[in-house]
Amino acid sequence: MPDAAALWRALHKETAQRSSEITFDLGNVQAADGGMLALIIALRNELSACGVKAELVGANERVETIVKLYSGHASITKHVRRRPEGVVVQVGRATAEVMEDARALIEFLGGMLLAGITLARHPRKGHWKEVGPLCETAGANALPIVLLINFLVGFVMAFQSAKQLKLYGANIYVADLVGISVTRELAPLMTAIVVCGRSGAAFAAEIGSMKVNEEIDALRTLGLSPFGWLVVPRTLALVLVLPLLTLIADFVGIAGGLFVGIIDLDITVRGYYNETLTAVHGWDVSTGLLKSVAFSIAIGLIACQQGFAASGGAEGVGRRTTSAVVVSLFTLILVDSAFTVFFRAINL
């Protein structure tokens, strides 16, 4: 540090009149860097070598940790047996944690709102060149697993209903069943779950690692908004790619039902195609796309918020990544239920 020489001279001056015992009182020191404490410890060792008993007293837990580090010996943590906590204490701690998470969420949403206003007024401040690579990562790279899962969903739904449809000679109505359920509900929801597990977890881990490594503080030091630089591009990328993935999933899910119709229900491709056009309307597809936009916003914001809340090194990042996936899945089901009730209430 630049004032090391001056500090060394001042310490020597204060300890020039040596006695048999000298005490360095660190009681009022709230925080200190390693360089300053290294000088004090070096002086203590020098005095000890001259037969003067020198001690450091009154240090708080954080300062004491640095002192022990520079003293050349590690601290030994004694495992103290604690009494089990009562139910009231556990409930109180859980409530306090929930309130702290709610406060952090409100703070995050406020920061996002301010970042959105700033980007709307000054678009050049956004990290827009990152949107393209993020779209590739969250969209193109997720396409194989999205295709496979939605094809199997349409296949399983048609296969499960085939026996009952045969009993009543209603084989052709498998197209109605698969077409409506896939476009309205299953394709947007299953696609969102896949994107949540892939991209949501990745976003939370990336931002969480940046948080614990103090890279987000470095962005603020450079005058950049972490929300506009990190959150907005990721959320925008999901908003762009998730409806496209959902639209592709619609066709693939219907194709899965067509496969069962051909091999088990004796339905021709032309017949299945005509019945699907009769049953599925533009509003059914639009409903799924509208849900996918809401899903993408929820996944992006929750994943980024959990990343910003990470602390405590790798363990904290892993914990927040898990929370991002769990909270996102719960939110997806909640949003989907809200859309379903709303559409039913307005007879759509």
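The values are calculated or read from the model by the stated rules, or taken from the named source; none is laboratory data. If you're wondering where the values come from, they're calculated on a predicted model, not measured in any experiment. Heads up, the Cβs are rebuilt from the backbone with ideal geometry, glycines too, and the neighbour counts pull from every protein chain shown.
General remarks:
- Taken together, the criteria place Ala205 among residues that are closer than 15 Å to Gly316 by Cα, part of a helix (DSSP H, G or I) and not hydroxyl-bearing (Ser, Thr, Tyr).
- Residue within region 103-114 that is part of a helix (DSSP H, G or I) and at pLDDT 85 or above present: no
- Whether a residue is surrounded by fewer than 22 Cβ atoms within 10 Å (Cβ to Cβ) and at negative phi was assessed, and Val241 does not pass this test.
- Against the test of being under 24 Å from the mean Cα position of the chain (by Cα), polar (S, T, N, Q) and either in the same structural domain as Val327 (by TED's automatic domain parsing) or surrounded by 15 or more Cβ atoms within 10 Å (Cβ to Cβ) (or both), the options Thr183, Thr137 yield a single qualifying residue, Thr137.
- Flag if Val156 is closer than 24 Å to Leu189 by Cβ and in a helix (DSSP H, G or I): yes
The rows are residues; the columns are (1) among the basic types (Lys, Arg); (2) within 30 Å of Gln164 (Cβ to Cβ); (3) surrounded by 16 or more Cβ atoms within 10 Å (Cβ to Cβ); (4) in contact with a strand residue (DSSP E or B) (Cβ under 6 Å, 6 or more places away or on another chain).
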position: Gly208; (1), (2), (3), (4): no, no, yes, no
position: Asp217; (1), (2), (3), (4): no, no, no, no
position: Pro226; (1), (2), (3), (4): no, no, yes, no
position: Leu230; (1), (2), (3), (4): no, no, yes, no
position: Thr268; (1), (2), (3), (4): no, yes, no, no
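- Residues in region 211-242 that are touching a residue at least 12 places away in the same chain (Cβ under 8 Å) and either more than 20 Å from Trp128 (Cα to Cα) or among the acidic types (Asp, Glu) (or both): Lys211, Val212.
- Which listed residue, of Leu236, Leu230, Leu222, Leu265, is assigned by TED's automatic domain parsing to the domain that holds Phe151 and modelled with pLDDT of 90 or more: Leu236
- When Leu224, Leu189 are screened for being outside any helix (DSSP H, G or I) and touching a helix residue (DSSP H, G or I) at 6+ places or on another chain (Cβ under 9 Å), only Leu224 passes.
- Among the residues making up region 167-185, those that are more than 9 Å from Gly288 (Cβ to Cβ) and part of a helix (DSSP H, G or I) are Leu167, Asn171, Ile172, Tyr173, Val174, Ala175, Asp176, Leu177, Val178, Gly179, Ile180, Ser181.
- Within region 304-348, the residues that satisfy the criterion of being in a loop (DSSP other than H, G, I, E, B) and either touching a residue at least 60 places away in the same chain (Cβ under 8 Å) or surrounded by 15 or more Cβ atoms within 10 Å (Cβ to Cβ) (or both) are Ala309, Ala310, Ser311, Gly312, Gly313, Leu348.
- With respect to the conditions (1) over 19 Å from Phe227 (Cβ atoms); (2) assigned to a helix (DSSP H, G or I); (3) assigned by TED's automatic domain parsing to the domain that holds Asn274, Ile117 falls short on a single one, namely (1).
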